[in-house]
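Q: Please find one structure pasted underneath; my questions will follow.
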Amino acid sequence: MNGNDFEGRVVLITGAATGIGRATAIAFARRGAKVAIGDVDDRAQETVELVQQAGGEAVFFKTDVTSPEQLKSLVEKTVEKFGGLHHAFNNAGVLNNPTKFVDIEEGTFDKVMAVDVKGVFFAVKHELEYMIANGGGTIVNTASVAGIIADPNMAPYVTAKHAVTGLTKAAAIDHAQDGIRVNAVAPGLTETPMTQMWKDNPEVWSEVVSNVPMGRAAKPEEIAEVVVFLSSDAASFCNGYVYAADGGQVAH
Ligand SMILES: NC(=O)c1ccc[n+]([C@@H]2O[C@H](COP(=O)([O-])OP(=O)(O)OC[C@H]3O[C@@H](n4cnc5c(N)ncnc54)[C@H](O)[C@@H]3O)[C@@H](O)[C@H]2O)c1
């Protein structure tokens, strides 16, 4: 890929206030894309400023992905602002507090499913509506290694991320003929605000890092590069699959 592969393209990213989404917003902008961000967290405005510092263009629309209406409006506002929508990265997500399966309460299950499953499902639906009518596009969803294998004490998150891998495949086969590719990225352990609580505890951190054959966590920029690749024309025959960037964890 050269430096301006995404010139003239518009990318919508959810969950880009921090972490992987922020790094991906900057990675797309560096290649010429205009970036629209949907997030509940106002730190998304800092991401907009970082994109601008990198010479790009971005806008933040406050959006709670648990609301299909807000996701529909996010697509509409993106198109209104930048004149189109070519690529989407549905990345917003939350973890449950580590708890054994038997002790999971309904409220915890519902909260994780609302953000990690319903939030991705309806983002994909509304992005598809626009892309089908406007010549196609690409969609990447954030799954996880927890969408391929199970992590201990993370049952709602594991359930939700397996659902993301399923909905990614379902959308990909239903809309391949519409010129739309739908894939998922499955990050392994990545240094972001989501994992900071583990990093703050050296014992926990060394245990989670020990699950990674490469012996370290990813930087968010390493996940962003996979998302950019899957969205690019270089990935023109990649469709309906989940691509791990996990330092070898699921191969272990
Ligand atoms: N960090 C890891 O080790 C890791 C590993 C595998 C998968 N993931 C996944 O990567 C994605 C990004 O996580 P991250 O690690 O960058 O953490 P993060 O906490 O920095 O990013 C999560 C983003 O989602 C946003 N968000 C949460 N709830 C939302 C809602 N209801 N509406 C809109 N936005 C909402 C947050 O504000 C934040 O910007 C998540 O889907 C996460 O599950 C992370």
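We did not get these values from a lab; they are worked out from the coordinates using the rules stated. All values derive from a computational prediction rather than experimental measurement. Here the Cβ positions follow ideal geometry from the backbone for every residue, glycine too, while neighbour counts run over all protein chains shown.
Q: Taking the conditions exactly as written (in contact with a Ser or Thr (Cβ under 8 Å, 6 or more places away or on another chain) and more than 30 Å from HIS175 (Cβ to Cβ)), does PRO193 satisfy them or not?
A: yes
Q: Right, here's the next one. Scan segment 8-56 for residues that are touching a residue at least 12 places away in the same chain (Cβ under 8 Å), farther than 18 Å from THR66 by Cα and surrounded by fewer than 19 Cβ atoms within 10 Å (Cβ to Cβ) and jot them down.
A: GLY8, ARG30, GLY32, ARG43, GLN45, GLU46, LEU50, ALA54, GLY55
Q: Going residue by residue through segment 172-184, is there one that turns out to be in a helix (DSSP H, G or I), surrounded by 17 or more Cβ atoms within 10 Å (Cβ to Cβ) and within 14 Å of the ligand (Cβ to nearest atom)?
A: no
Q: Taking the conditions exactly as written (outside any strand (DSSP E or B), over 26 Å from TYR130 (Cα atoms), away from the ligand (no atom under 12 Å from the Cβ) and not hydrophobic (A, V, I, L, M, F, W, C)), does PRO213 satisfy them or not?
A: Details: outside any strand (DSSP E or B): yes; over 26 Å from TYR130 (Cα atoms): yes; away from the ligand (no atom under 12 Å from the Cβ): yes; not hydrophobic (A, V, I, L, M, F, W, C): yes.
Spelling it out, PRO213 is indeed outside any strand (DSSP E or B), over 26 Å from TYR130 (Cα atoms), away from the ligand (no atom under 12 Å from the Cβ) and not hydrophobic (A, V, I, L, M, F, W, C).
Condition check ((1) away from the ligand (no atom under 12 Å from the Cβ); (2) not in a helix (DSSP H, G or I)) across all residues:
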| residue | (1), (2) |
| --- | --- |
| LYS118 | no, no |
| PHE122 | no, no |
| MET131 | yes, no |
| ALA146 | no, no |
| PRO152 | yes, yes |
| VAL164 | no, no |
